[in-house]
Every structure is written in C-alpha cells, then in structure tokens.
1. Round to the nearest 0.05 the FRET efficiency obtained for E125 and S311 when R0 = 22 Å and r is the Cβ-Cβ distance.
2. Which length gain, in nm to one decimal place, applies between N114 and E2 when the Cα-Cα distance is subtracted from 0.36 nm times their residue separation?
3. Rounded to two decimals, what ratio of Rg to Rh does the range 79-151 give with C-alpha atoms and a Kirkwood Rh?
4. So if we plug the beta-carbon distance of K213 and T27 into 1/(1 + (r/R0)^6) with R0 = 45 Å, what FRET efficiency do we get, rounded to 0.05?
5. Taking neighbour counts of Cβ atoms within 10 Å as a proxy for exposure, in what order, fewest first, do M191, M1, M94 appear?
6. Take the residue pairs K84/K126; K99/K169; K99/K346 and return only those whose Cα atoms are more than 30 Å apart.
7. Compute the semi-axes of the equivalent ellipsoid of the range 205-295, taking the square root of 5 times each eigenvalue of the Cα gyration tensor, and list them largest first in whole Å.
8. Restricting to the range 19-109, what percent of DSSP beta bridges are antiparallel, rounded to 5?
Amino acid sequence: MELIRSNSTTHKNTAEAINQVTSKLHTEPALLLFFTSTIHKFEEVTALFHEQYPNSRVVGLTTTGEIGPFGFLENGLAAMSFSKEIGRISTVLMEDISKYPIFSRNDLVTAAKNTGINLNSQSLEKEGLAIVFPNGLIAAEEKMLSIVNSIFTNEGFPVFGGTAGDDAKFIETYVSVNGKISSNGGVVIFMKPSVDFFMLKENIFTSTGKSMKITKVDIEQRIVYELDGKKATTVYANLLGVKESQLDQYFMTNPIGRRFNDEIFIASPFQILPNGAIQFYCQVFQDAIVEILEPKNPFETLQQTLQTFTSQFVQLEGVLACNCILRKSQFQSQCLFPDLNRELEKLPNLGGFCSYGEQFNKSLVNQTLVLLGFGKKR
C-alpha cells in the first residue's frame, strides 16, 4: 500500500477540482494536506475537503503557486494524503501567532505527547518532526517557531514548513484545520512516522564577497535602518554599484545572506521605506555581518539538490516541498518552469506550494526550496 499519494489540477470549478484531486488520494487517510490558489474560495475548499474526509485530519492553506506530481502549477489545487500506516499524527491550530502564540503552548505539549514524542529526549531528531504552516503578512513566523521549539527540553527537534500566501496580492492569507479557518494563526502538525524522513534546504545563491554590518534595526518589524552606520539603501546600492533609486530592482537577484557554520541562510528584502530603510521578509539582527549574494544556475543547482536528496533513500515514498515566492518569480522571468518540472516530476508523490517564507528547524529563511521526504533511508 502507498503511504503517501499526491495529485493536482488547474480546473477552475472548485467542486470539480476537488473531485479530480481526490480521485487519486486515499479514501480515509490519517492526514490530508491541501494547497489552494485564491482562485478558489478558501471557505468553500475547506468545507468540501472537511466534508469528504470527516474521519481524517485535514489541513489546508492558501498559496502563491502550487506544487504537484508534475512540478509547479499556477491557479491550481494540490493535495497530499498520508495513510494511517505512516505513523502517529496530531494537529494544532495556533491562534493569533503575532500577539499571543504563548497561549497555544499547552495545546502543543499535549499534541506532541499524544503523538508519542518524548519532549525530554536527548535525541530529539529520532522522536519525530513538526510541520508548520504559519499565516503570512503578519510577521509572526519567528514567534511561532520559538513557541514550538520551546516545548522541548533540549534542542534539535526537526521542524519543517512554509508560510501561507495569497497569489502575491499581499492582502490576507488563510490556514485551516478540520474545517476551522484562521487568517492570523498557524498550523502545527506533529508526526511520529513509522518510516524514515529527511529534510533538505536548497540554496541557489553564492556570496559576492561584499559584506555589510547591520548597525540599526527594528528586529520585530524586520526593518533595517542603517548598514555600516549609514542609510541602508545608500550602502546596499553602493556595494552593488547601482543607483539608489533602482535598488529594489535587484532585491530578487541580490538578497543578503547570514552565514552560520559556512552555511548561508538567505534574508530577502521586501520593500524600501520612504526614509531609506529596508524591510525584509524575515528577521535580521543588530550587529550581524551579512553578505550580498548573487544567483547560481537554478537548473544545475536543482539537479544537484535532487541527486543529494534522493540518494538518501533506498525507497522514497513521497515528498513535501515549499518554494519561496521570489524563486518562483525568478523562474517565471527566466522561463525555467518546463526544465525544472522535468526534474521535479521524477520525485514520487510530490506535493506542496510556493510560500512567503520557509521554515527549517529554528529558522525562517527566504528564497530557498525546502524538501521533506519519507521512506526508507540508506
């Protein structure tokens, strides 16, 4: 029996789209994930999935592009089903993760324990994992991650996820659990799988060798006012050798990177504010040294990533993928989707979405692809 199944469609009629997608999924899975474009009314999609799977945990969210068995798609609906043989699963809808994420802590503790996860383990990487789907546009991913990680005595529990989108409208995003919808909360799924799993973060950027020090920042609002003691836009533009008025045109191809143990974590600029400050998609920190990045070849990088990823498994059952909206925009502008999809469709039972941010263990990152695979590892 297949442990994971996935499907997708671009049918515009919501009821027909759900019928098409579910035709290849489990009839009564332990968990069903759905990822929907805003072309479908989220309330209707949520209600129909919940009605069709009353005995399953049903989790959904809005996207800015979907990922199905054949790769990237637009204005679509994608879904994944996990059979009961996949292991033990529990879900929590955290409300108001921007202001009161701490109020969900007891629910998280209960859910993790009910899944069979030992919160005091010395080897948390062997206990299971959490999949998180925060709402976007409320700058609360880091707060949500902090609370999820706080329930464990030690560090090292695997956390994977992506931030809900709204097709780049930047108005409001939605998540849902078992029919209940939230625009200011986030979903946490605890899993204690009966099979192995492996997480991988792809980086399609490399350092230009040009660095800056963040000297004035509002961490909560993700706003950098000064770099190297001067106006942020001035320093950023000068190092790139471009006009300050044109700087935002280079944000997609030249984000900044934070280096930890020789690994680069990308922080993408979101917008320039009237005072010359720069707001980012994720938090950046006072006195941090950051490097300006430049892109590598996306197609060659994906080939290398998938080779590394699939080589971890003897048998790969299915893959959950979260891809940043800025990568999606880059791929579209360079007409890369056909080539990339020919690689992605080689992954079995692939599902996921394009996101407003990616979660990888304790960090919120940008402009990356994160992959979560289930199966039998080598």
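1. Numbers: r = 19 Å, r/R0 = 0.88.
Using R0 = 22 Å, I get an efficiency of 0.70.
2. Details: separation 112, 0.36 × 112 = 40.32 nm, distance 2.48 nm.
Here the segment from N114 to E2 would lengthen by 37.8 nm.
3. Details: Rg = 13.2 Å, Rh = 13.4 Å.
With Rh from the inverse mean 1/r over Cα pairs, Rg/Rh is 0.98.
4. On the way: r = 57 Å, r/R0 = 1.26.
Using R0 = 45 Å, I get an efficiency of 0.20.
5. Numbers: M191 26, M1 6, M94 29.
Sorted ascending by nearby Cβ count, the order is M1, M191, M94.
6. Details: K84/K126 20 Å; K99/K169 23 Å; K99/K346 42 Å.
As for pairs spanning more than 30 Å Cα to Cα, those are K99/K346.
7. Values: eigenvalues 59, 48, 28 Å².
Sorted largest first and rounded, they come to 17, 15, 12 Å.
8. Details: 9 of 15 bridges.
Taking every DSSP beta bridge within the range 19-109, about 60 percent pair in antiparallel fashion.
Readers should treat all values here as calculations from the given coordinates under stated rules, not as data from a laboratory. The structure displayed is predicted, hence computed values, not measured ones. Here Cβ is always computed from backbone atoms with ideal geometry, including for glycine, and neighbour counts include all displayed protein chains.
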